[in-house]
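Input: a single structure, listed below in C-alpha cells.
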Amino acid sequence: MISNKLVCNQEVKIKDVMMCINENAKGIAFIIDDAQKLVGVMTDGDIRRLLINGYGLNDRIKKHIQRNFIYASFDEEPEKIIEKFHDGIKIIPIVNENMQLVDYAEYNKNVHIALAHPQLDGNEYKYLMDAFLSTWISSTGKYVTQFEENFSKYCGVTYGVATSNGTTALHLALAALGIGKGDEVIVPDLTFAATINAVLYTGATPVIVDIEEDSWCISPDEIIKAITPNTKAIIPVHLYGQPCDMEQICKIAKEHQLYIVEDCAEAHGAEWKNKKVGSFGIISCFSFFGNKVITTGEGGMCVTDDKKLYEKMRILRDHGMSKERKYYHEVIGFNYRMTNLQAAIGVAQVERIDQVLAWRTKLEKQYRECISDSDKITIQRNDLANRKKIAWLVSILVDEDRRDSVLKELKNQGIDVRAFFVPLSEMDIYKDYARECSRSKQISKMGLNLPTTYEMDKKKIKNIISLISSVL
Ligand SMILES: Cc1ncc(COP(=O)(O)O)c(C=O)c1O
C-alpha cells in the first residue's frame, strides 16, 4: 500500500502538493484522479518553476501536472524497471492494468555488489560454536592441529603451521630459513606489499624483478638476471590465482642453491603440471584473509615437508619458547599463533574448498562468455600450458587511459572493483630495491579485479560487463 504522503489528487492546490512533498522528502508526488488512476507526477522542481513564473500557493495543479511521465507496470521485469532510472530519475511509480498506483521503485545509490564474500554456510558456525563452548578460544585446542593437518594434506604437503595471517606466515618462513641481513631475496614487482615487507622484516634485501607478459607472474628469465652471490631465496607469487612457472623456478633454485618460498595467498588449489601450488617450495605460505578462496577471518599457514623446519617454525611462532622447558626462550621468536576459533572456521572451509573452487570457476566462465564479445576487455589467461589457474577474483585488462574511469563508474553504481596492485618498484619506500619492470608497470595500469561473490549471477555479470564496455 502506497503511503498517502506520496499521493495527491489532481484537484488539489500547489500548496497541498508542496506539503505532500515536504512530508515524504522524496522530491515528488504521484497525482491521481478520482478513480484512483495515476495521471501524472509533480516534482519539487515543477513547483519551484510554477512559483518563479508567478503562480500562487492557492492555484490548482491540474493544468501543470507532468502527464508525460515515466512509470512501470507491475508485471515488468525488475531489470526493465532498473533501465528506466536514467537522466536523474530516482523514483518510478508502478501501476496495475487499470493504471492504478500499486507501488513505486526507488533508485538506491547504496546498491552494493561486494568484491568478495566469505562463504560460511557449511560447518563453520557449528565448529566455531564448538570451539567457543569448549572455552579453548586462544591458540590451544583441537581445531588448530586439525586445520594444519587437513589443509597441508589438501596441498599435498606433510606439515602445516597455522599463523595469525599470511604476512606473518611469510615472515615466519623466512626467519625459519635463517634469512637475514646481507642476504638477497628475489620477489616479483607485481604483488601485494606483504611479500616484500616480509623480506624487509628479516633485515634481508629484497630484489624486485619483472613479470611474464602472459601469466603476470614472476619471470624466470628475470630471476636469473637478478641472482648474485648473496641471493638466498626466491618468492614466487601465484598472482590472482595463476600459478608461476614452477618448473623453471625450481630448476633455477636447484642450480643456484636457493630456497623457494611460495607465496600462495591468492591461489589455494591452483596447480602446475597437476601438482598443487604450495608443494614446490621448501616452505609455502597461504593467507586466509576474508576475501581469499577460503578464510579464517584473518589467518595464514606455512606448509612444508621438512620436519626440522616445521619444528623450528612452531617454536618461532610461539615466542621462541623451548618445547622442553616452559618460559625458557631459545631464540627470539614471535607471537604468530592462530586461535582455535579461527582454526575451527578453517576446518569447515577446507571441507568445502573443492566445491568453492568449482563454483568460482563456473562464475569466471560466465564472465569469460560475456567478455568474449568485447575486443576491448582482456580476461586473465586460463589456457597457459601446464597451469591450472583458480578463479580468485576475476581479473581483466582494459585500455590504460580508461581504466580509472571504468573504476569510477562501477563504484558509482555500487559495484566494488579494484585496480591491480601498484608495482612495488613504483612506490617510494621500495625504490632502493627496484629494477626496470616495464611489463609489470603496463599490466598494473590496465588491470581491474571484478567481483566474485555468492550473489553474482549471469545477469549481474552481463550488467557489469556492459557498464565497462560503455565506458570504454
Ligand atoms: C600475494 C599476497 N601475499 C601475502 C598476503 C598477505 O596476507 P594477509 O593479508 O593474510 O597478511 C596477501 C594478502 O592479501 C597477498 O595477496
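Quick note: the coordinates plus some simple rules give every number you see, no bench work behind them. Bear in mind that the values here come from a model prediction, so they are computed numbers and not experimental data. Ideal geometry is used to build each Cβ from the backbone, glycine not excepted, and the neighbour counts take in all protein chains shown.
Quick look at the numbers
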| item | result |
| --- | --- |
| Using alpha carbons only: equivalent-ellipsoid semi-axes of the stretch 268-404, gyration tensor based, whole Å | 38, 16, 15 |
| Folded to 0 to 90 degrees: helix 307-317 orientation relative to the chain principal axis, Cα | 60 degrees |
| Local electrostatic count at ILE47 - Lys and Arg +1, Asp and Glu -1, tallied over other residues with Cβ under 12 Å | 0 |
| Where GluC sites (Glu not before Pro) fall in DSSP loop in the stretch 193-280, at most 16 other Cβ within 10 Å | GLU213 |
| Proximal charge balance of SER73 [Cβ under 13 Å; K/R count +1, D/E count -1] | -3 |
| Folded to 0 to 90 degrees: helix 124-133 orientation relative to the chain principal axis, Cα | 70 degrees |
| Taking the convex hull of Cα positions in the chain, its mean projected area over all directions (nm²) | 28.9 nm² |
| Helix-derived mean residue ellipticity, 222 nm - over the chain, DSSP H n ≥ 4, -39500 (n - 2.57), to 500 | -10500 deg cm²/dmol |
| Low-density loop cleavage sites - chymotrypsin sites (Phe, Trp or Tyr not before Pro) in the stretch 155-223, where at most 12 other Cβ are within 10 Å (DSSP) | none |
| The chain: angle of helix 353-371 to the longest principal axis, Cα-based, in degrees nearest 10 | 50 degrees |
